[in-house]
Amino acid sequence: MFRICSFFLLAISAALAAEPADLIWSARYVITMDAQRRVIENGAVAIKADRILAVGTKADIDARFTPKQRLDRPDAIIAPGLINTHTHAAMSLFRGIADDLALQDWLTKFIFPAEAKNVTAEFVRWGTRLGVLEMLLSGTTTYTDMYYFEDVVAEATKEAGMRGVLGETIIGFPVADNKTPADALAYTERFLKRFANDPLITAAVAPHALYTNSDETLKACRALANKYKAPLVIHLSETKKENDDEQAKRHTSPTKTLDTLGIWTGRSIAAHAVWVSEADMAILKQRGVGIGHCPSSNMKLASGVAPVTRMLALDMKVGLGPDGPAGSNNDFNLFEEMDLAAKLAKVTTGNPQSLPATQALEMATIRGARALGMEKEIGSLEPGKRADLITVRIDRPHAQPLYDAISQMVYALKGSDVRDVMVNGKLLVGDGKSLTLNEALILQKAAEYRAKISASLK
């Protein structure tokens, strides 16, 4: 009797000593993407408010913490939320409008005219809702955007509970929200002020590209970004034509021109960087520029293949981006981008060991966070970091048998396998269903916009 009482007293004592937590998530595997790249079998994550308290084995976490709620997924992987380093979310409403074209033809003959006739603040709101819904359901928890009416993009992103680095586009011709670069700069400054210190939104300055802005506008963009300690997001050397035109004009590369103009003197994210030389990469590495590698987009537009294996060898800050629906890529699926990034590197180098699965997952998580300058907050499952995490099912035929969880994430699992999504400690997707967005209404609106857009192009 005494021994039984002692057992219960010890159990009660242990329970009282346990630290309170809001949540414990557990799964068959936890992929941490921490410095040691630990994969914990029968693992768990303890969460309090918007932060991760601890990551370890389920037995250890259960012994240390008493949660208010639990989520047990014995047939799943827990992983960091995926990080998209380049996209245009609202362009989801142009999905499939024009395909199988070169970038310049796609832009000048289809996208710019379609945008001129259709893009409004409400178009951007519903397009962003559609894009964010797709991203969340496929495991993306942070995305980097460049479009118009970016304050509306931010509202829709916050409504969904998602994290975003959102850049207001500045371009050298009249567009939907601003008729001049000066107007766009003033609009962007209001946007930066409005979302300063927001827990989910990082407002950014987004000059479209070197070839669509004057030197003076580009310098003003950098000055504005630095004034508010904001990122600058820009397209860089996406096509050979962009490089050839700059070589003909100034006998140098776009990367070098932008460096000479001082554009890289601050937090910067360059999308694509396909046609960059060794000298260009040295500049980008020295300046700490984040790179948004977009394999699907670069393949679909036949823009070329970024020297991503060399960038990784240089330990550059390289993340992944799907670019976005319309013609450059018709979805926002980062599982697809991981798979393609790895395979594209292998086939172009002739080396099957190029860009292994671990590096591909790094680009979608912790290295992508580095590209955005956010690696202290997101990108891995570690104590003190934001509670941005996902569960991915491994109980389907294409997920079995499983020998290596990271390999499975990159080469076998799909965006549709994502089951639960948390951002900043809040559950946004539960059991494959959006909890913050009205999916039926969003799809209804997408159909309405399809009819309007089709009619506008006749």
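The values are calculated or read from the model by the stated rules, or taken from the named source; none is laboratory data. Just so it is clear, the model here is predicted, and its values are computed rather than measured. No Cβ is skipped: glycine too gets one built from the backbone with ideal geometry, and neighbour counts run over all protein chains shown.
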Name the residues in the range 87-106 that are under 23 Å from the mean Cα position of the chain (by Cα), over 20 Å from residue 144 (Cα atoms) and surrounded by 13 or more Cβ atoms within 10 Å (Cβ to Cβ), would you?
-> 103
Run down 137, 166 and say which single residue is surrounded by 24 or more Cβ atoms within 10 Å (Cβ to Cβ), at negative phi and under 21 Å from the mean Cα position of the chain (by Cα).
-> 166
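With the structure loaded, tell me whether residue 203 is touching a residue at least 40 places away in the same chain (Cβ under 8 Å) and either buried (at least 21 other Cβ atoms within 10 Å of the Cβ) or of a type in the set (Ser, Thr, Tyr) (or both) or whether it fails that test. Give the derivation first.
Working: touching a residue at least 40 places away in the same chain (Cβ under 8 Å): yes; either buried (at least 21 other Cβ atoms within 10 Å of the Cβ) or of a type in the set (Ser, Thr, Tyr) (or both): yes.
So residue 203 passes the test.
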Sole exception among (1) surrounded by fewer than 22 Cβ atoms within 10 Å (Cβ to Cβ); (2) on the phi > 0 side of the Ramachandran plot for residue 109, by number = (2)
Go through the range 248-267 and give me each residue that's out of contact with any strand residue (DSSP E or B) (no Cβ under 9 Å at 6 or more places or on another chain) and hydrophobic (A, V, I, L, M, F, W, C).
-> 248, 261
So which residues in the range 337-374 are surrounded by fewer than 24 Cβ atoms within 10 Å (Cβ to Cβ) and either among the hydroxyl-bearing types (Ser, Thr, Tyr) or under 17 Å from residue 88 (Cβ atoms) (or both), if there are any at all?
-> 348, 349, 354, 358
Does residue 407 fit the bill of being closer than 14 Å to residue 79 by Cα, at pLDDT 95 or above and surrounded by fewer than 18 Cβ atoms within 10 Å (Cβ to Cβ)?
-> yes
Residue 245: within 25 Å of the chain's Cα centre (by Cα) and over 29 Å from residue 162 (Cβ atoms), yes or no?
-> no
Residue 290 versus (1) crowded, with 24+ Cβ neighbours inside 10 Å; (2) at pLDDT below 95: which is the lone unmet condition?
-> (2)
Which one of the conditions (1) aliphatic (A, V, I, L, M); (2) in contact with a helix residue (DSSP H, G or I) (Cβ under 6 Å, 6 or more places away or on another chain); (3) surrounded by 24 or more Cβ atoms within 10 Å (Cβ to Cβ) does residue 283 fail to meet, given that it meets all the rest?
-> (3)
Taking the range 125-148 and keeping residues in contact (Cβ under 8 Å) with a residue 40 or more places away in the chain and within 24 Å of residue 190 (Cβ to Cβ) leaves 126, 127, 129, 131, 132, 142, 143, 144, 145, 146, 147, 148
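If you check 385, 343, 376, 414, which single one turns out to be among the basic types (Lys, Arg), out of contact with any helix residue (DSSP H, G or I) (no Cβ under 6 Å at 6 or more places or on another chain) and closer than 19 Å to residue 78 by Cβ? Break it down stepwise before answering.
Working: 343 fails: closer than 19 Å to residue 78 by Cβ; 376 fails: closer than 19 Å to residue 78 by Cβ; 414 fails: out of contact with any helix residue (DSSP H, G or I) (no Cβ under 6 Å at 6 or more places or on another chain).
Unique residue meeting the criteria: 385.
Here's the yes/no breakdown for (1) modelled with pLDDT of 95 or more; (2) of a type in the set (Val, Ile, Thr); (3) within 21 Å of residue 375 (Cβ to Cβ):
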| site | (1), (2), (3) |
| --- | --- |
| 264 | yes, no, yes |
| 269 | yes, yes, yes |
| 294 | yes, no, yes |
| 304 | yes, no, no |
| 319 | yes, no, yes |
| 327 | no, no, no |
| 351 | yes, no, no |
| 359 | yes, no, yes |
From the list 182, 176, which residue is of a type in the set (Gly, Ala, Ser), outside the structural domain of residue 393 (by TED's automatic domain parsing) and either part of a helix (DSSP H, G or I) or without any contact (Cβ under 8 Å) to a residue 40 or more places away in the chain (or both)?
-> 182
